[in-house]
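Before any comments, here is the structure.
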Amino acid sequence: MGEALIEGSNWRLVEVGRIVLINGEHPYSGRLAAIVEIIDHKRVLVEGPSSDPKLKVPRQALHLTKALLSQFVIENLPRGARQAALTKAWEKAEIDAKWKGSNWAKKREQIERRKALTDFDRFKVLRLKKQRRFEERKALAKIKASA
């Protein structure tokens, strides 16, 4: 008989310690928080003890439709952990650094930067893209000519 390899799913599950991004029409939209307790099948208790004061989220109930589950989890976080324990676990897991290094955060930052552009800034970006395309085509033509 062959060996059977059993792997768990890669789904992002609602679990205590899961980091969520608050989304939608919410006063703390765009901020990170950790699930501290599961209230019922639609709501969770979250708190975001970020080191940046602009990103902190006070402890509150959050509907799961307002939460986007991230790939980050604080391992072995006890249910209903208080603020001091959560802050210590958050810093130990280096959630802020992991988030800033993730593609998701970089993409969100890029979208925000693009939304803030003026007409003249958009024009400058257009000109730079044209220059880049021209240089790429020139280099490609040189390679083709030598081959």
Answer residue from the range 1-24, given it is in contact (Cβ under 8 Å) with a residue 24 or more places away in the chain and in a loop (DSSP other than H, G, I, E, B) and is farthest from Arg79 (Cα to Cα) among those: Gly24
Subset of the range 32-48 that is in contact with a helix residue (DSSP H, G or I) (Cβ under 8 Å, 6 or more places away or on another chain) and within 14 Å of Phe72 (Cβ to Cβ) - its residue that is surrounded by the most Cβ atoms within 10 Å (Cβ to Cβ): Ala34
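Counting only residues that are among the basic types (Lys, Arg) and more than 12 Å from the chain's Cα centre (by Cα), how many does the range 19-43 have?
Step one: of the range 19-43, the residues among the basic types (Lys, Arg) are 31, 42-43.
Right, trim to more than 12 Å from the chain's Cα centre (by Cα) and you get 42-43.
Final tally of qualifying residues: 2.
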Complete set of residues in the range 51-93 that are over 13 Å from Ile19 (Cβ atoms) and either surrounded by 18 or more Cβ atoms within 10 Å (Cβ to Cβ) or of a type in the set (Lys, Arg) (or both): Lys54, Lys56, Arg59, Lys66, Arg79, Ala81, Arg82, Lys88, Lys92
Residue tally, condition within 13 Å of the chain's Cα centre (by Cα) and either among the aromatic types (Phe, Trp, Tyr) or farther than 30 Å from Ala33 by Cα (or both), over the range 98-138: 2
Only listed residue being within 29 Å of Glu25 (Cβ to Cβ) and either in contact (Cβ under 8 Å) with a residue 12 or more places away in the chain or touching a Gly at 6+ places or on another chain (Cβ under 9 Å) (or both), chosen from Arg122, Arg114, Arg108: Arg108
Some residue of the range 49-60 being at pLDDT below 95, hydrophobic (A, V, I, L, M, F, W, C) and under 28 Å from Glu112 (Cβ atoms): yes
Residues located in the range 65-101, provided they are touching a residue at least 12 places away in the same chain (Cβ under 8 Å) and either under 13 Å from Ser29 (Cα atoms) or of a type in the set (Gly, Ala, Ser) (or both): Thr65, Lys66, Ala67, Leu68, Ser70, Gly80, Ala81, Ala89, Ala93
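The values are calculated or read from the model by the stated rules, or taken from the named source; none is laboratory data. Here the structure is a predicted model, which is why all the values come from computation and not from measurement. With ideal geometry, Cβ positions are generated from the backbone for all residues, glycine too; neighbour counts draw on all protein chains shown.
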